[in-house]
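Novice: Dumping the structure here so I can ask a few things about it.
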Amino acid sequence: MSSQHYRISADIGGTFTDIVYQDSQSGVCGATKVLSTPQNPALAVIDGINAVIPPEAKIDFFVHGTTVGLNALLTRRGAKVALLTTHKFRDIYTIQGNDRGEIFSIRWNKPEPLVGLDDTFTIRERIAADGTIVTPLDTSELNHLVTATRENGYEAIAICLLFSFRNPQHELEAEAYLRERLPDVSIAVSHRVSPEWREFERTSTTVMDGYLAPVVRRYLETLVGKLESRLPQNQGIHVMESNGGVMSAASASRTPLQTLLSGPVGGAIGGQALAQKTGKNNLICVDMGGTSFDASLIIDGLPSASTETKLEGLPVQMSVVDIHVIGAGGGSIAWTEAGAARVGPQSAGSNPGPACYGLGGTAPTVSDANLVLGRLDSANFSGGAITLDRARAEKAVGDMGTQFGMNVQTMAQGIIDIINAKMADAIRTITIRRGIDPRDFALVAFGGAGPAQAAALAEELEIGEVIVPVHPGAFSAWGMLQTDVRHDFKETLYGFWDQFDVAELEARFCALEEHGRSYLKEEGVQDQAISFQRSADFRYHGQEYVLTIPIGDGAIDMAVPRRDFDLAYERQYGHSSPEGRVEIANLRVAAIGILERPATADPVQGNAGATRARMVYFSGNEHKTDIIDRVGLATGSITPGPAIIEEATATTLVPPGWQARVMTGGHLSVTRAEDVK
């Protein structure tokens, strides 16, 4: 590599940490994978960077996605939090909302809150719905919380007072009083975390921010400390956000909640970039790694997104790219229950890993099954960095097969069929259950294990084309290099749309934009690189839930958003009411800071190893299968199945009756042979 300046991204997963490095001048990208280090995720990042970037090289830009916050939530290993709320409203968070979740399930249990009643404190104060102060706040009443924090070891305090999104004065007074007396305790205030109506949802969001803050901050401090000697002082570390943008590590420390889905979101943003490059604007993006399977949609060239999500059954008010996650990956463990075979969600992770890794794992996994079926090369896994032990895999899978009277190959195929069925159901959840026909989409398969399972998924869902992008095993990390700085701002504004004055709406949008501009400037974004995207939440009069509709640039034409809402409602629910009155609930502004980046260069065709062959099982039958090095495939070349296309970060399976064509940009289009024109 001739250049000594690089842009780097890292996707820290449960099994592997993926590194993508891009020459800052030529735009050429490379990728590598290293085993994750769960005890200190920063170590794997350092190992990956040192493996591919010379010590003397300069890093111009570094961004990473992390599941540290998400894992802390899923495993309930976040901070010990105290909740402060308005007197006589202590039960808001515990009672929760009126959404029962699974309304027909007799076994449904209310989600377990992150803070119990014993850790909830109140203070006498009251702000009315219009923001006027009814009862002033007496800060001396906070002394009880100060004492309890010291005695009980609270690491964070979440402050959520009634109607503080209208007037934050009391939250600011409480925050200042507590910070002076508890300087080492993290404090989350609801008017900053989520200045939006709906008391339970806002409380839930604020508590979750406080729950994650100490964990995320400790992680970021460790990573910054390890990397700061290699990073430029004016850039530092950037973190992928759940909304599809990036932010500085300092911003991530202030708003840790935004990092929750930062790892999986990179794949959706990569899908958006892929849609722009290929002209295929409707994509189902599936990321199968070692631990999880993430599915998302690109519709009309843009990622499907929402302004609220649920995690562990608890609502979170923030802008997120819609991603459906299940426990299904190469490391998913096969096990038995009630005389039947199950696969996942438990994962062998990176330590001890699948049996074939030889690191102590003994339970059969999806990777072991693929190795038994001949689909993985024991000597060329992860670019030769890891040697797989076929004997261990056969023993693990074979021992399970004995329980069902199956030989090792039949049991291995059964494991693959089960995991494929689970992943197909996950895709149906984000398509068919929303009235979307998956047959109208192409399937983009990435992650270390995704391209090996993609054709079977396409057959299950009757999808005609699978796209395997360049560097598929690190595609989420590649997607992180395609995004910009982004921060979202919002304001609750309720009333009938046709009764608002255009000048008032313009003034409120401008105020949000000025807030966003100052935020971006703190991140080092110059004026000429700043832009804004306006939107508002609409609903028909008398309804509970909203649809978010873009508001175009320039003078606001009141008729256009109303028309767009009717059209969006028709698409979403199959009907609309153009004659009905429309209410507005919230105004939203996305502040975008455009980052300079080189155009991504097409991959350079390299020297491929000689084509070889081995026997591989497909649908229970052995086939002589060509093993091909992807780096040697030229644009436009066609590889008929059965074939296995190997590269450093993933293995692509081309079954009998399918074939792969190299598209412009180096991406693979895998289709049934009769469908190739």
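Novice: Please work out which residue is farthest from residue 95 (Cα to Cα), limiting yourself to segment 161-183 and to residues that are part of a helix (DSSP H, G or I) and of a type in the set (Lys, Arg).
Specialist: Filtering segment 161-183 for residues that are part of a helix (DSSP H, G or I) and of a type in the set (Lys, Arg), the one farthest from residue 95 (Cα to Cα) comes out as 181.
Novice: From the list 81, 115, 63, 28, which residue is more than 30 Å from residue 148 (Cα to Cα), of a type in the set (A, V, I, L, M, F, W, C) and buried (at least 21 other Cβ atoms within 10 Å of the Cβ)?
Specialist: 63
Novice: Which members of segment 118-138 meet the condition of being surrounded by 15 or more Cβ atoms within 10 Å (Cβ to Cβ) and in contact with a helix residue (DSSP H, G or I) (Cβ under 8 Å, 6 or more places away or on another chain)?
Specialist: 119, 120, 121, 123, 125, 127, 137
Novice: Mind telling me which of the residues 564, 537 ends up being among the charged types (D, E, K, R) and open to solvent by less than 20 Å² (accessible area, probe 1.4 Å)?
Specialist: Answer to the selection: 537.
Novice: What number of residues within segment 562-580 satisfy the criterion of being over 22 Å from residue 320 (Cα atoms), within 31 Å of the chain's Cα centre (by Cα) and not in a loop (DSSP other than H, G, I, E, B)?
Specialist: Residues in segment 562-580 being over 22 Å from residue 320 (Cα atoms), within 31 Å of the chain's Cα centre (by Cα) and not in a loop (DSSP other than H, G, I, E, B): 3 in total.
Novice: Same structure again: Output the residues belonging to segment 259-289 that are crowded, with 24+ Cβ neighbours inside 10 Å and charged (D, E, K, R).
Specialist: Correct list: 287 only.
Novice: Between a residue in segment 412-432 that is over 16 Å from residue 368 (Cβ atoms) and any residue that is of a type in the set (Val, Ile, Thr) and open to solvent by 10 Å² or more (accessible area, probe 1.4 Å), which pairs come within a Cβ distance under 7 Å, given they are 6 or more apart or on different chains?
Specialist: Sorted first by the residue in segment 412-432, then by its partner, the pairs are 422/326; 426/326.
Novice: Return a yes/no flag: does segment 517-525 have any residue that is touching a Gly at 6+ places or on another chain (Cβ under 6 Å), open to solvent by less than 90 Å² (accessible area, probe 1.4 Å) and at pLDDT 90 or above.
Specialist: Yes, segment 517-525 contains at least one residue that is touching a Gly at 6+ places or on another chain (Cβ under 6 Å), open to solvent by less than 90 Å² (accessible area, probe 1.4 Å) and at pLDDT 90 or above.
Novice: Contact list please: Cβ distance under 8 Å, first residue in segment 542-565 and acidic (Asp, Glu), second residue surrounded by 12 or more Cβ atoms within 10 Å (Cβ to Cβ) and at pLDDT below 90, pairs at least six apart or on different chains.
Specialist: If the second residue must be surrounded by 12 or more Cβ atoms within 10 Å (Cβ to Cβ) and at pLDDT below 90, no pairs are left.
Novice: Let me ask you something else. For segment 668-675, indicate whether the set of residues that are out of contact with any helix residue (DSSP H, G or I) (no Cβ under 6 Å at 6 or more places or on another chain), under 13 Å from residue 468 (Cβ atoms) and open to solvent by 10 Å² or more (accessible area, probe 1.4 Å) is non-empty.
Specialist: Looking through segment 668-675, at least one residue is out of contact with any helix residue (DSSP H, G or I) (no Cβ under 6 Å at 6 or more places or on another chain), under 13 Å from residue 468 (Cβ atoms) and open to solvent by 10 Å² or more (accessible area, probe 1.4 Å).
Novice: Continuing with this model, one more query. Kindly check whether there is at least one residue in segment 383-402 that is open to solvent by less than 10 Å² (accessible area, probe 1.4 Å) and touching a His at 6+ places or on another chain (Cβ under 9 Å).
Specialist: Among the residues of segment 383-402, not one is open to solvent by less than 10 Å² (accessible area, probe 1.4 Å) and touching a His at 6+ places or on another chain (Cβ under 9 Å), which makes the answer no.
Novice: Shifting gears a bit: Return the only residue of 435, 447 being surrounded by fewer than 21 Cβ atoms within 10 Å (Cβ to Cβ), within 26 Å of the chain's Cα centre (by Cα) and on the phi > 0 side of the Ramachandran plot.
Specialist: 435
Novice: Kindly provide the set of residues from segment 300-330 that are assigned to a strand (DSSP E or B), more than 16 Å from residue 74 (Cα to Cα) and in contact (Cβ under 8 Å) with a residue 60 or more places away in the chain, ordered by number.
Specialist: Across segment 300-330, the qualifying residues are 305, 306, 320, 321.
Novice: Any residue at all in segment 11-18 that's farther than 23 Å from residue 327 by Cα and either open to solvent by 10 Å² or more (accessible area, probe 1.4 Å) or touching a helix residue (DSSP H, G or I) at 6+ places or on another chain (Cβ under 6 Å) (or both)?
Specialist: no
Novice: Identify all residues within segment 450-465 that are open to solvent by 10 Å² or more (accessible area, probe 1.4 Å) and of a type outside the set (A, V, I, L, M); write none if there are none.
Specialist: Correct list: 459, 460, 462, 464, 465.
Novice: Starting from segment 62-82, take each residue that is farther than 15 Å from residue 260 by Cβ and touching a residue at least 40 places away in the same chain (Cβ under 8 Å) and list its partners that are small (Gly, Ala, Ser) and not in a loop (DSSP other than H, G, I, E, B), counting only C-beta distances under 7 angstrom and pairs at least six apart or across chains.
Specialist: Here the result reads 63/9; 81/156; 81/158; 81/210; 82/148, each pair linking segment 62-82 to a residue that is small (Gly, Ala, Ser) and not in a loop (DSSP other than H, G, I, E, B).
Novice: Considering 582, 589, which residue is modelled with pLDDT of 95 or more, more than 30 Å from residue 370 (Cα to Cα) and touching a Gly at 6+ places or on another chain (Cβ under 9 Å)?
Specialist: 589
Novice: Check 369, 341, 363 and return the single one that is outside any strand (DSSP E or B), more than 20 Å from residue 447 (Cα to Cα) and either among the aliphatic types (A, V, I, L, M) or modelled with pLDDT of 90 or more (or both).
Specialist: After applying the criteria, what remains is 363.
Novice: Exactly one of (1) under 28 Å from residue 131 (Cβ atoms); (2) in contact (Cβ under 8 Å) with a residue 12 or more places away in the chain is unmet by residue 220. Its number?
Specialist: The single condition residue 220 does not satisfy is (1).
Novice: Out of segment 520-538, which residues are within 10 Å of residue 593 (Cα to Cα) and touching a residue at least 60 places away in the same chain (Cβ under 8 Å)?
Specialist: Scanning segment 520-538 gives 520, 523, 524, 525, 529, 530, 531, 532.
Novice: Filter segment 1-45 for residues that are modelled with pLDDT under 85 and among the β-branched types (Val, Ile, Thr); which is farthest from residue 354 (Cα to Cα)?
Specialist: Checked segment 1-45; the qualifying residue farthest from residue 354 (Cα to Cα) is 12.
Novice: While we're looking at this one, here's another question. Which condition does residue 330 not pass, out of (1) surrounded by 24 or more Cβ atoms within 10 Å (Cβ to Cβ); (2) modelled with pLDDT under 90; (3) in contact with a strand residue (DSSP E or B) (Cβ under 6 Å, 6 or more places away or on another chain), if it passes all the others?
Specialist: Only one criterion is unmet by residue 330, namely (3).
Novice: Moving to a separate point now. With the structure loaded, tell me whether residue 158 is under 26 Å from the mean Cα position of the chain (by Cα), outside any helix (DSSP H, G or I) and more than 20 Å from residue 516 (Cα to Cα) or whether it fails that test.
Specialist: Here the answer is yes, as residue 158 does meet what is asked.
Novice: Could you list, in sequence order, all residues of segment 486-504 that are among the small types (Gly, Ala, Ser) and either closer than 21 Å to residue 543 by Cβ or open to solvent by less than 50 Å² (accessible area, probe 1.4 Å) (or both)?
Specialist: Result: 495, single match.
Novice: Among (1) touching a residue at least 24 places away in the same chain (Cβ under 8 Å); (2) open to solvent by 70 Å² or more (accessible area, probe 1.4 Å); (3) under 30 Å from residue 475 (Cβ atoms), where does residue 49 come up short?
Specialist: Result: residue 49 fails condition (2) only.
The values are calculated or read from the model by the stated rules, or taken from the named source; none is laboratory data. Since this is a predicted model, take the numbers as computed values, not measurements. Note that we place each Cβ from the backbone using ideal geometry, even for glycine, and neighbour counts take in every protein chain shown. In case anyone asks, the SASA skips ligands and DNA or RNA and just uses the protein heavy atoms, side chains included. Shrake-Rupley method; radii C 1.70, N 1.55, O 1.52, S 1.80 Å.
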